[in-house]
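See structure below.
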């Protein structure tokens, strides 16, 4: 008799423990419970201790933490017909546990598929240059579109980031050549601009020096001083350009003396002029 009573008590205790285990749930701070009672959704419960009616209530746990969803690499053809391979990452969280459970079968899978299709459609409308240089605008556009589509599911998409853009090798070489040509063009423009500015400064300096001739002599002496600082075996002696015309005038012998005036004879031939005394003797003869 005692053995039967003990056995019954053990069975009852086991049943109570099983019922308690089936009816008591403990939820963490970031978790919520969507409870269904006989198929009807009840109010969201949690966090903390949640009591359920055994065999009647069914609970679904939903995490409210931000989920990091890696979008698989997608093959995209840009608007300028360049094939690229793009992958991204999506950050979202559940803001309405009831909609996340009732409105969609699996919000994780649905959000992943929406992110993939939106990534292909949005990036297919952009040029390659925009894809490489305007990522912030594309990220904002992707975030807005995905968030609008997942809002009925109780999902809030906070951030969408394009991680990597894979470009074919031949396109990379073409872009490298283009960048090299662009840098050469900029170098030539900068060089020409520097020469133009230097010529303007030299013209201004020449105007200043021309007002005072002593300035060029001082500049000449300064150049000699700079040459003397360096201990070189060869000395270059600069010669001012304004001295060259003076030296040329000093070494010029001048115009040749004109020959004496000539007399014209009757036959039309020229004869040298004579002194007045000689002219008298010629007349006497």
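Any residue in the stretch 171-181 that is at pLDDT 90 or above and not assigned by TED's automatic domain parsing to the domain that holds residue 122? Looking through the stretch 171-181, at least one residue is at pLDDT 90 or above and not assigned by TED's automatic domain parsing to the domain that holds residue 122. Taking each residue of the stretch 96-125 that is touching a residue at least 60 places away in the same chain (Cβ under 8 Å) and looking for partners that are loosely packed, with under 14 Cβ neighbours inside 10 Å with beta-carbon atoms closer than 9 Å, six or more apart or interchain, yields 98/41; 98/43; 101/41; 102/41. Looking across the stretch 57-81, the residues that are over 26 Å from residue 153 (Cα atoms) and in contact with a strand residue (DSSP E or B) (Cβ under 9 Å, 6 or more places away or on another chain) come down to 75, 76, 77, 78.
Can you confirm whether residue 88 is free of Cβ contacts under 8 Å to residues at least 60 places away in the same chain and not assigned by TED's automatic domain parsing to the domain that holds residue 47?
Values: free of Cβ contacts under 8 Å to residues at least 60 places away in the same chain: no; not assigned by TED's automatic domain parsing to the domain that holds residue 47: yes.
Taking the combined requirement at face value, the residue does not satisfy it.
Assess whether residue 187 counts as being free of Cβ contacts under 8 Å to residues at least 12 places away in the same chain, over 22 Å from the mean Cα position of the chain (by Cα) and over 30 Å from residue 45 (Cα atoms). For residue 187, the condition - free of Cβ contacts under 8 Å to residues at least 12 places away in the same chain, over 22 Å from the mean Cα position of the chain (by Cα) and over 30 Å from residue 45 (Cα atoms) - is not met.
Scanning the stretch 129-140 for residues that are surrounded by 19 or more Cβ atoms within 10 Å (Cβ to Cβ) and either under 14 Å from residue 166 (Cα atoms) or in contact with a helix residue (DSSP H, G or I) (Cβ under 6 Å, 6 or more places away or on another chain) (or both) yields a single hit, 131. Would you confirm, using the coordinates I've provided, whether residue 148 is modelled with pLDDT of 90 or more and out of contact with any strand residue (DSSP E or B) (no Cβ under 8 Å at 6 or more places or on another chain)? So residue 148 passes the test.
The values are calculated or read from the model by the stated rules, or taken from the named source; none is laboratory data. Only a predicted model underlies this, so the values are computations on that prediction, with no experimental measurement involved. Note: ideal-geometry Cβ built from the backbone for every residue, glycine included; neighbour counts use all protein chains shown.
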